[in-house]
Amino acid sequence: MPEIPAGLAGSRADYSRFLVHLTRDDRADDSNGGTAFENFRAILDQQRILAVRPHCLHGPKIALLDKRQQRYFRTVCFTELHFLRNRR
């Protein structure tokens, strides 16, 4: 995996070089869904994270749009790990 340049975030305390994508059990939400572990393994095996649906408060309204319009709201969520920033 490529190293993220240390200077990218500069000296800003609110930026981290460490990103996390949390997997979840989506069997109830998706006919192709899996357990959190199965989703994690798929990410490792495929070496990619897919944006397949919207993740926001407006999901019910987005579901009313036609399929072409719904594609514009697909997203992938990440979070930062600030506590790892100064660990060595």
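The values are calculated or read from the model by the stated rules, or taken from the named source; none is laboratory data. Predicted model, so just to flag it, every value in this text is computed and none were measured. FYI the Cβ positions are ideal-geometry reconstructions off the backbone, even for glycines, and counts take in every protein chain you see.
So, ILE49, is that one in contact with a helix residue (DSSP H, G or I) (Cβ under 9 Å, 6 or more places away or on another chain), over 22 Å from PHE18 (Cβ atoms) and either at pLDDT 95 or above or among the hydrophobic types (A, V, I, L, M, F, W, C) (or both) or not? Judged against the criteria, ILE49 is not a match.
Selection of the stretch 13-30 for residues being at pLDDT 85 or above, surrounded by 12 or more Cβ atoms within 10 Å (Cβ to Cβ) and over 15 Å from ILE49 (Cβ atoms) yields ASP25, ARG27.
Results for (1) surrounded by 12 or more Cβ atoms within 10 Å (Cβ to Cβ); (2) over 21 Å from ARG24 (Cα atoms), shown as yes or no for each residue.
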position: PHE37; (1), (2): no, no
position: ARG41; (1), (2): yes, no
position: LEU50; (1), (2): no, no
position: ARG53; (1), (2): yes, no
position: LEU57; (1), (2): no, no
position: ASP66; (1), (2): no, yes
position: ARG74; (1), (2): yes, no
position: PHE78; (1), (2): no, no
